[in-house]
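Presented below is the structure to which this report refers.
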Amino acid sequence: MNTSVRLSLSSLRSHKRRFAGTFFAVFLGVAFLTGTLVMGDTLRSGFDSMFGEANGGTDAVVRSADVITTPGESQGVRQPVGTSLVKTVDHVPGVAAAAPNIQGAGQLVGKNGKAIGGQGPPTVAGNWITDPTLNPYRLAEGRAPARSGEVVVNRGTAKKGGLRIGDTTTVRTPDPVRVTIVGLATFGGEDGMAQVTFTGMTQADAEKYLTARPGEAASIQVRAASGVSQAELVRRLTPVLPKGVEAITGQESTQENTDTISSQFLTIFTTFLLVFSGVALLVATFSIHNTFAIVVTQRARENALLRALGASRRQVTGSALAEASAVALTASAAG
């Protein structure tokens with residue numbers, strides 16, 4: 001075994017506490033950074049899977065081609081499309097079903113009288129799409145809304161608000177609307193889409209409370225007949241759509257949704273954690289530097305004795321470097 005390596009191993013054995021302190025400084029910094037990167041990738045994969053499952057039955061989306069953007073917004077807002085387009089789309093060869101997708105702001109009030117979600121996650125309301133294949137939400141308990149004032153909420157929102165089927169509460173649209181919960185829903189197999197709250201109304205109530213005027217929808221969800229691909233369905237829809245309205249495949253719509261979530265939430269979240277990881281590594285670096293500076297100072301007599309016994313400058317330096325390398329490799333691997 002190399003003399004420098006033997007010297008470093010002997011030093012590590014005789015200074016176990018010093019080795020442990022340096023080891024944990026490197027271990028914690030690397031573990032924090034690795035955990036942040038893994039968690040970010042896991043969250044992205046989870047959202048991809050969730051949206052893929054939730055929107056698996058939508059083969060095409062008809063929407064406005066015009067996007068309104070405001071300063072500070074990268075995604076923008078699309079103009080609504082007329083719900084009367086549903087009849088036009090229904091008559092296109094290869095279309096099995098079509099349904100309007102009406103969306104708007106709708107904050108549900110919990111059993112304690114406080115708004116669920118507060119100023120944090122988006123609070124969304126919309127029409128409950130009766131076609132189960134086109135609806136990204138799946139009815140888990142109860143039934144779909146059939147009369148005015150009846151709603152379905154995602155199960156995660158109900159849990160947060162302490163609400164159950166049969167309870168009466170208020171939805172702020174922003175005008176307060178009294179509603180009765182008749183069903184609980186899931187999204188992509190989960191209790192909801194991340195922390196987003198969802199309240200599903202009848203189409204008539206959604207048009208009345210969530211749109212500027214009746215007969216408008218955010219988009220139209222379309223399901224293809226058996227044997228018709230998404231690309232072929234879009235090709236057939238495009239000629240019958242009015243100017244300013246476009247059709248995209250369900251896969252493109254799903255990818256846009258996941259990209260939006262990634263850019264608005266995941267990127268900011270992981271960047272925030274990476275900053276703390278960088279701080280942890282910086283602190284660890286100073287800690288390690290100071291530790292080794294003290295080690296070198298404390299080993300001045302030991303190094304002088306080694307030199308007196310015939311050790312070369314290279315062997316003494318190699319011993320210190322071997323000790324540092326052993327700490328770095330073991331702690332980084334463990335982290």
From phi via Karplus (6.51, -1.76, 1.60), per-residue ³J(HN,Hα) for region 162-179 in Hz, x at Gly/Pro: x, 9, 9, 4, x, 6, 10, 8, 10, 10, 8, 10, x, 5, x, 10, 6, 9
Burial ranking of peptide ranges 26-39, 199-212 (average Cβ count within 10 Å, highest at the top): 199-212, 26-39
To the nearest 0.05, the calculated FRET efficiency linking Phe272 and Thr180 through their beta-carbon distance, R0 being 35 Å, is 0.30
Would you work out if region 182-254 is rounded, prolate or oblate? Take a ≥ b ≥ c from the square roots of the eigenvalues of the alpha-carbon gyration tensor; rounded if a/c is under 1.5, else prolate when a/b is larger than b/c, oblate otherwise. oblate
A correct Stokes-Einstein calculation for region 108-205, using the alpha-carbon Kirkwood radius, 20 °C and 1.002 mPa s, returns a whole-number D in µm² s⁻¹ of 165
How would you rank 245-257, 151-163, highest first, on the average number of other Cβ atoms within 10 Å across their residues? 151-163, 245-257
Set Lys208/Lys243; Lys111/Lys160; Lys114/Lys160; Lys111/Lys208, cut-off 21 Å on Cα-Cα distance; pairs above it are Lys208/Lys243; Lys111/Lys208
How large is ³J(HN,Hα), in whole Hz, for each residue of region 82-88 in order, when computed from phi with the Karplus curve 6.51 cos²θ - 1.76 cosθ + 1.60 and θ = phi - 60°, using x for Gly and Pro? x, 5, 5, 5, 4, 5, 5
Packing-wise, with mean Cβ within 10 Å as the measure, how do 179-187, 109-117 rank, highest first? 179-187, 109-117
Using R₀ = 25 Å, calculate the FRET efficiency as 1/(1 + (r/R₀)^6) where r is the Cβ-Cβ separation of Arg313 and Ala334; round to 0.05. 0.20
To the nearest 0.05, the calculated FRET efficiency linking Ala65 and Ala212 through their beta-carbon distance, R0 being 30 Å, is 0.95
Added length on full extension, which subtracts the Cα-Cα distance from 0.36 nm per residue, Ser325 to Glu232: 27.5 nm
Three-way shape label, region 83-123, alpha-carbon gyration tensor, a/c 1.5: prolate
With a cut-off of 8 Å between alpha carbons and a minimum separation of six or more residues, what is the relative contact order of region 145-198 in percent? 44
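Read the figures in this text as sums done on the coordinates, not as results from a lab. Note that the structure is a prediction, hence the values are computed from the model and not measured. Cβ atoms come from the backbone with ideal geometry, glycine included; neighbour counts cover every protein chain shown.
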